[in-house]
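Chemist: The structure under discussion is supplied below as structure tokens; questions concerning it will follow.
The values are calculated or read from the model by the stated rules, or taken from the named source; none is laboratory data. None of the values given here were measured: they were computed from a predicted structure. Every residue, glycine among them, receives a Cβ derived from its backbone with ideal geometry; neighbour counts consider all protein chains shown. Side chains included, ligands, DNA and RNA excluded: accessible areas come from the protein's heavy atoms. Shrake-Rupley method; radii C 1.70, N 1.55, O 1.52, S 1.80 Å.
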Amino acid sequence: MTANNNKLKQFFSNPTNVYLIGLILGMAATCIELARGRAENLRDFRDATQLFWQHISAYSQEYIDAHHHRFFIYSPVFNILFTPFAFLPRWISGILWNFCNYTLLFAAIRNLPGQLKDKSTQIALYLILIITESLFCFQYNVVVCYIFLWAFILLEKDRPFWAVLLIMLSATTKIYGIVEIGLLFCYPKVWRNMGYAVLCGLGLLLLPAMMTGFDGLIPWYMDWFGALSNHHETTGTYPSIVFAIPGILPYMRIFQASVLLILMVAFFAMKDRWNDLRFRIQALGVLMGYIILFSEASEPHTYVIALSGYMMCWYIWREHTLFDKIMFWVVFVLFSIIPTDVLCPAKVHYLINNTLYFNVYSYTIVWITMIWKTVKNK
């Protein structure tokens, strides 16, 4: 029995084996969804990008009506990014999109700095099911996740321009990534790097002008802002955010701004720890949790971003209490097992996560623990 356990441990300690397991699961999920003819996010990405190059806005009511009341909420910069996939046959497009995203995320995890590199296989194993869920839905959040990680890796390798370019690519397609700009204060020549951010941001925002022309660029962005506003007003919020907790939603904006302000004050108050890699990892983990927990439209698989940050923090904590260990597995079950239809009945998922909000409560507790341990330098 011991020999078998050792072989099993060796098998799952091999990064190639873990990569292949995740790839098989991800590609199987991709093919299942494509065969069902659902893959709504992929259809949305493809149609909006094809229309973009035809000078037709995907932010119109006609588009929304033709896509079962789905809003296209990504910027014109996203259309530029997705162009290589938009004009391929549907099956090739979907498989290639998910293959590239899975591989880039796994590679980012494998290249994490410091002691995290030695724990990268364990991190990938913990995330493998929620990554599969994200691939099943053809989510862009996988891209946001690996951009967070690669930008951090590049900053640690003293390649600030490329790190900032990635951060601004995330910020100009889906706003989440902009919070990582705050980490630039932890690295040398912060104002030079902020200058990179301005230049990269402007350059990326101007890219769609190759289709719209400079005169049509601002109206196109105004249409995008209008779609974002209408989307939130029409569809409301998803249940997997802190604002699902009864009584908080009416104060959403106050909570978002207040919590971010508190995090900023705490970050600058700990300026003497900016040179500590452990602190930078913990700060990144907290930020990755904030953008999801305090978002306006997060779904369970969106937590691939938040849980990636959590796992980085987990493996640099100096100690794990019994409470930490319990929450570690509670979060895994609520975000990886329960949302997976083949592992848990949909009715149970709806009750536990969409009615009782156990996933939100559990991650909120974990996120507060992350902050506490960061402040206490544990």
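Chemist: Pick out the one residue from 147, 131, 153 that is at negative phi, in contact with a Pro (Cβ under 8 Å, 6 or more places away or on another chain), in a helix (DSSP H, G or I) and open to solvent by less than 20 Å² (accessible area, probe 1.4 Å).
Modeler: Working: 147 fails: in contact with a Pro (Cβ under 8 Å, 6 or more places away or on another chain); 131 fails: in contact with a Pro (Cβ under 8 Å, 6 or more places away or on another chain).
When all the criteria are applied, what remains is 153.
Chemist: Report yes if residue 252 is modelled with pLDDT under 95, open to solvent by less than 50 Å² (accessible area, probe 1.4 Å) and not aromatic (Phe, Trp, Tyr), otherwise no.
Modeler: Numbers: modelled with pLDDT under 95: yes; open to solvent by less than 50 Å² (accessible area, probe 1.4 Å): yes; not aromatic (Phe, Trp, Tyr): yes.
When the stated conditions are applied, residue 252 passes them.
Chemist: State the number of residues belonging to segment 97-107 that are crowded, with 21+ Cβ neighbours inside 10 Å and of a type in the set (A, V, I, L, M). Quick ask: steps written out before the conclusion?
Modeler: Step one: list which residues in segment 97-107 are crowded, with 21+ Cβ neighbours inside 10 Å, which gives 97-98, 101-102, 105-106.
Within this subset, residues satisfying the condition of being of a type in the set (A, V, I, L, M) are 105.
Within segment 97-107, residues that are crowded, with 21+ Cβ neighbours inside 10 Å and of a type in the set (A, V, I, L, M) number 1.
Chemist: Go through 367, 329, 372 for me and flag whichever is part of a helix (DSSP H, G or I), aromatic (Phe, Trp, Tyr), within 22 Å of residue 128 (Cα to Cα) and open to solvent by 70 Å² or more (accessible area, probe 1.4 Å).
Modeler: On the way: 367 fails: open to solvent by 70 Å² or more (accessible area, probe 1.4 Å); 372 fails: within 22 Å of residue 128 (Cα to Cα).
None of the other options fit; the residue is 329.
Chemist: Show the residue pairs that are 6+ apart or on different chains and have beta-carbon atoms under 8 Å apart, the first residue being within segment 329-356 and modelled with pLDDT of 90 or more, the second being in a loop (DSSP other than H, G, I, E, B) and open to solvent by 20 Å² or more (accessible area, probe 1.4 Å).
Modeler: Close Cβ pairs satisfying both conditions: 337/343.
Chemist: Further question on the same structure: As an exercise: evaluate residue 38 against (1) out of contact with any Cys (no Cβ under 9 Å at 6 or more places or on another chain); (2) part of a helix (DSSP H, G or I) and give the number of the one condition it does not meet.
Modeler: (2)
Chemist: Which numbered condition trips up residue 303, out of (1) open to solvent by 10 Å² or more (accessible area, probe 1.4 Å); (2) of a type in the set (Phe, Trp, Tyr); (3) in a helix (DSSP H, G or I); (4) in contact with a helix residue (DSSP H, G or I) (Cβ under 8 Å, 6 or more places away or on another chain)?
Modeler: For residue 303, the failing item is (1).
Chemist: In segment 54-71, which residue that is in a helix (DSSP H, G or I) and open to solvent by 30 Å² or more (accessible area, probe 1.4 Å) is modelled with the highest pLDDT?
Modeler: 62
Chemist: How many of the residues making up segment 32-53 are closer than 20 Å to residue 226 by Cβ and either charged (D, E, K, R) or open to solvent by 10 Å² or more (accessible area, probe 1.4 Å) (or both)?
Modeler: Of the residues in that region, 3 qualify.
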